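Have a look at the structure below, then the notes.
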Amino acid sequence: MYMPQPSRSAAGGRDAGDQPRVYQVWRGSNEFFLQGRFIFGPDVRSIFLTMFLIVAPVVAFCVFVARHLIDDFPGDWGISVMVVVVVFTVYDLTLLLLTSGRDPGIIPRNTHPPEPEGFDGSNDSGVQTPQQLRLPRTKDVIVNGISVRIKYCDTCMLYRPPRCSHCSICNNCVERFDHHCPWVGQCIGLRNYRFFYMFVFSTTLLCLYVFAFCWVYIIKIRNAENLSVWKAMLKTPASIVLIIYCFLCVWFVGGLSVFHCYLMSTNQTTYENFRYRYDRRANPYNRGVLNNFLEIFCSRIPPSKNNFRARVTVEQGLQQTRVPSRGFMSPNMGKPAGDLEMGRKPVPWDEPRTAADIRDLEAGLGGFLDEKEGRLTHASPDLSRDDLPADLMEGRAGTHSRRSSWVHRTGTSESVDNVVFWLSLDASQDVN
């Protein structure tokens, strides 16, 4: 976790240029290149396998097939066979990088849970209990006249917008989440779905192109030497390998192209298609086949909501470590953690990952208490604990140590709820 540095006024000369950039303290699982200009998923290495599966057969095609077809066509048509496959391969790889190396539509995380709607700051007793501080798990919003339920994300501390989901691999909430593609090493969402489909479709066309001209070369051999098709195929084993390879690949990328063509025509995502089954209920996002395709290919891609190269300001760093004054809690605080939408197994609160989160919370609460005590300690250079009344110091020390030992002793969901409750009660007593 990034710990902010003091500002120039507090640290004697430290300025914003010394602060790290956003991509350097990013809390997701992404990998960044060229100082945050490119963002990839944690499985970015798979993109090299994908590039190899594209480039290797094209090189074999140029060496063993296209090179021999240059003289078999009149004029410049022979050389065009090789030029087209090279240019199309470069185009295909460019779409791969545009899909894999850009922000898919990540929603920035909140530094603290949002306030519930209609919160007025107090109740009849003036104290917010843990039950009243807990946020609702779901909310209903209206999309094109149809009620859609959105869920709260405990990791990002926000209510996910419609069509948004949290990717358990990249550990981010992504707008119009479609799926996480291991072949491109990136989530597919609002800002890269167009390039993803163009990449898959262009790969299909590339396979068909190589497949077709391998057969053209075999036919040329058969006609030139008056052989049967089988004997002509034996004359060029590289063509046989490429034909089999492209045939298998077309079933994969071609089937994927057809499937996503259906999804675009009905304005669905892969996630929605497998989870919600809009054939059994109304799809609030379907605008008709033509408008659905125009929305994907002709609409303006929204800018990224994250400036990964921006400097992290001192104020932003303080917000990450500061305990919210109102103390609102996530819906699942004190419950088994886990993203049920992504099929992850719920994690008990006594596991190390969550225990570390509890220790972070305890550290934040301890800092909050120390800040309150600092009002007395640092009120004056001549004022110290020795100069304060003994009963006051014993009372505060006893309260603080009692709460700290109680938190460390329990370490359960009730401890977190009650700590927030006692802080609220203590704050109200200070005001009174």
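Things worth noting here:
- Peptides ranked, highest mean first, by Cβ atoms within 10 Å: ranges 220-226, 179-185: 179-185, 220-226
- Cβ-based net charge around residue 295, under 11 Å, with every Lys or Arg adding one and every Asp or Glu removing one: +4
- In terms of the mean number of neighbouring beta-carbon atoms within 10 Å, the peptides 56-65, 79-88 order highest first as 56-65, 79-88.
- Heavy-atom accessible area ranking, 1.4 Å probe, most first, across 249, 153: 249, 153
- Of every Cα-Cα pair in the stretch 34-90, the percent that sits beyond 18 Å: 51
- Probe 1.4 Å, protein heavy atoms only - accessible area per residue of the stretch 12-99 in square angstrom: 56
- Accessible surface ranking for 289, 174, 1.4 angstrom probe, highest first: 289, 174.
- Three principal axis extents of the stretch 131-217 based on alpha-carbon atoms, in descending order, are 75, 31, 15 Å.
- Label-point separation in nm, residue 25 to residue 301, each point 7 Å along Cα→Cβ: 2.9
The values are calculated or read from the model by the stated rules, or taken from the named source; none is laboratory data. Quantities reported herein were computed from a predicted structural model and do not represent experimental measurements. So basically every Cβ, Gly included, is an ideal-geometry build from the backbone, and we count neighbours across all protein chains shown. Each accessible area value is taken on the protein alone, full model and side chains, heavy atoms only, with ligands, DNA and RNA left out. Shrake-Rupley method; radii C 1.70, N 1.55, O 1.52, S 1.80 Å.
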